[in-house]
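Chemist: Below is the structure I would like to discuss, written out as structure tokens.
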Amino acid sequence: MAFDATVDLGRGLLLPNPVGVASGTFGYGFEPLELVGIDHLGAIYSKGTTLNPRAGNSPPRIAETTAGMLNSIGLQNPGVEVVASEYAPIWATWDPPVIVNVAGADIAEYVAVCERLDGVPGVAGLELNISCPNIAHGLDLGTDPGAASACVAAVRQVTSLPLLVKLTPNVTDIGEVARAVETAGADAVTAVNTYLGMKVSLRRLGPVLPGLGTAGLSGPAIKPLALAAVARLRRAVAIPVVGIGGIASTQDALEFLAAGAAAVQIGTANFHSPHISRQVVRGCLEYAAQSGLETWDQVLQRPVRPEPA
Ligand code: SIN
């Protein structure tokens, strides 16, 4: 039987392959389209979008760490009206599905943004971002299973779009939050958003990133933690898990699939290697062909071979 590269994230959301680019690392797709192209991608997850435009936090907003990166962007975005009326019509002409990452200050804002995007051609799905550590109260919904559930249930009332929920790892048991959003109507979960971190300037005797002082840690430093979260979620919920956290190679992506992810997102690596997603898609497809897979699920049953040198 020929290999089927597609991934089904539920409610009709079919990705041509499992490898997508993560929210906040690919903008709304327009600049990367010029730089690296998008035709190879399984999905594009947009920058976090709020009801009204946001300028984001004061600079500096990014700092390098050992094997990682801290960001304190603060959800800079043009607001949902621009996304729905100017960006989505262009996405409707693209091959990869575009999933809009939705953020807000409270449940009412999530509902308003999702309601505006419902039924808009070019919007293939929504990724509810209840896990941004860089705005005041940004983690309130994502760290409380009851609040997370209330948010998803309210959004579910106003949209029939596929609904992913992006979870924060800054909790004791990510499985508990995942179960709450699954019961409330989520079609899939994305794990994980960034870990709460900090970089200190000894010159200023204060945080390097002024936003909230703390920031979100991503990159290879968090990969083992993210893999453990994905493996936990695979056991906790029946809906698909989209894995993210330090993926920078084919080997990394396959490890997430083997840990139980149905699809993956490449994030921080896009900044230093803009072409990395094309390499990873190609590498995963080559792996599938060489291993004689029929579907991605079979990665779970087969050992992942080391990436060729
Ligand atoms: C940001 O804009 O601050 C990052 C978004 C996020 O961490 O979800």
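Chemist: So which of 50, 66, 93 is among the hydroxyl-bearing types (Ser, Thr, Tyr) and under 18 Å from the mean Cα position of the chain (by Cα)?
Modeler: 50
Chemist: Among the residues of the stretch 155-172, what is the count of those that are under 17 Å from the mean Cα position of the chain (by Cα) and within 16 Å of the ligand (Cβ to nearest atom)? Working first, answer last.
Modeler: If we filter the stretch 155-172 for residues that are under 17 Å from the mean Cα position of the chain (by Cα), which is where we start, we get 161-170.
From what's left, within 16 Å of the ligand (Cβ to nearest atom): 164-170.
Looking only at that region, the number is 7.
Chemist: Listed residues 3, 26; which is part of a loop (DSSP other than H, G, I, E, B) and crowded, with 21+ Cβ neighbours inside 10 Å?
Modeler: Answer to the selection: 26.
Chemist: Specify which of the listed residues (152, 189, 123, 200) is in contact with a strand residue (DSSP E or B) (Cβ under 8 Å, 6 or more places away or on another chain), within 23 Å of residue 19 (Cβ to Cβ) and away from the ligand (no atom under 16 Å from the Cβ).
Modeler: Exactly one residue qualifies, and that residue is 123.
Chemist: Write out, first by first residue and then by second, each pair whose Cβ atoms fall under 6 Å of each other, whose residues are 6+ apart or on separate chains, and whose first residue, in the stretch 127-138, is within 21 Å of residue 115 (Cβ to Cβ) and in a strand (DSSP E or B) while the second is among the basic types (Lys, Arg) and within 9 Å of the ligand (Cβ to nearest atom).
Modeler: 127/166; 129/166
Chemist: Follow-up. Determine which member of the set 79, 10 is under 23 Å from residue 148 (Cα atoms) and within 16 Å of the ligand (Cβ to nearest atom).
Modeler: Details: 10 fails: within 16 Å of the ligand (Cβ to nearest atom).
Going through 79, 10 in turn, the sole match is 79.
Chemist: Could you check residue 63 against (1) of a type in the set (A, V, I, L, M); (2) modelled with pLDDT under 95; (3) within 16 Å of residue 197 (Cα to Cα) and say which number it fails?
Modeler: (2) is the only condition that residue 63 fails.
Chemist: Within the stretch 1-25, which residues are over 11 Å from the mean Cα position of the chain (by Cα) and of a type outside the set (A, V, I, L, M)?
Modeler: 3, 4, 6, 8, 10, 11, 12, 16, 17, 18
Chemist: Just name the residue that is nearest to the ligand (Cβ to nearest atom) out of those in the stretch 203-223 that are closer than 12 Å to residue 193 by Cα and aliphatic (A, V, I, L, M).
Modeler: Looking only at the stretch 203-223, we keep the residues that are closer than 12 Å to residue 193 by Cα, and these are 215-219, 222-223.
Okay, now just the ones that are also aliphatic (A, V, I, L, M), so 215, 217, 222.
On the way: 215: 8, 217: 10, 222: 13 Å.
In this case the residue turns out to be 215.
Chemist: Next question. How many residues are polar (S, T, N, Q) and touching an Asp or Glu at 6+ places or on another chain (Cβ under 9 Å) if we restrict to the stretch 2-57?
Modeler: 4
Chemist: Can you list the strands (runs of 3 or more DSSP E) found entirely within the stretch 173-275 that contain at least 3 residues being under 17 Å from the mean Cα position of the chain (by Cα)?
Modeler: Per the criteria, 188-191, 215-218, 241-244, 263-266.
Chemist: Assuming residue 135 fulfils every condition listed in (1) within 11 Å of the ligand (Cβ to nearest atom); (2) touching a strand residue (DSSP E or B) at 6+ places or on another chain (Cβ under 8 Å) apart from one, which condition is it?
Modeler: Status for residue 135: all satisfied but (2).
Chemist: Let me ask another. Does the stretch 148-162 contain at least one residue that is surrounded by 22 or more Cβ atoms within 10 Å (Cβ to Cβ) and among the charged types (D, E, K, R)?
Modeler: No: zero hits.
Chemist: Considering the stretch 38-57 alone, what residues qualify as being in a loop (DSSP other than H, G, I, E, B), away from the ligand (no atom under 14 Å from the Cβ) and surrounded by 18 or more Cβ atoms within 10 Å (Cβ to Cβ)?
Modeler: 38, 40, 41, 42, 51
Chemist: Related question: Need pairs with beta-carbon distance below 8 Å; first residue within 26 Å of residue 225 (Cβ to Cβ) and within the stretch 59-86, second part of a helix (DSSP H, G or I) and modelled with pLDDT of 95 or more; sequence gap 6+ or separate chains.
Modeler: 65/221; 66/221; 67/220; 67/221; 68/220; 68/221; 68/222; 69/271
The values are calculated or read from the model by the stated rules, or taken from the named source; none is laboratory data. These figures come from a predicted structure and were not determined experimentally. Positions of Cβ are backbone-derived with ideal geometry, glycine not excepted, and every protein chain shown enters the neighbour counts.
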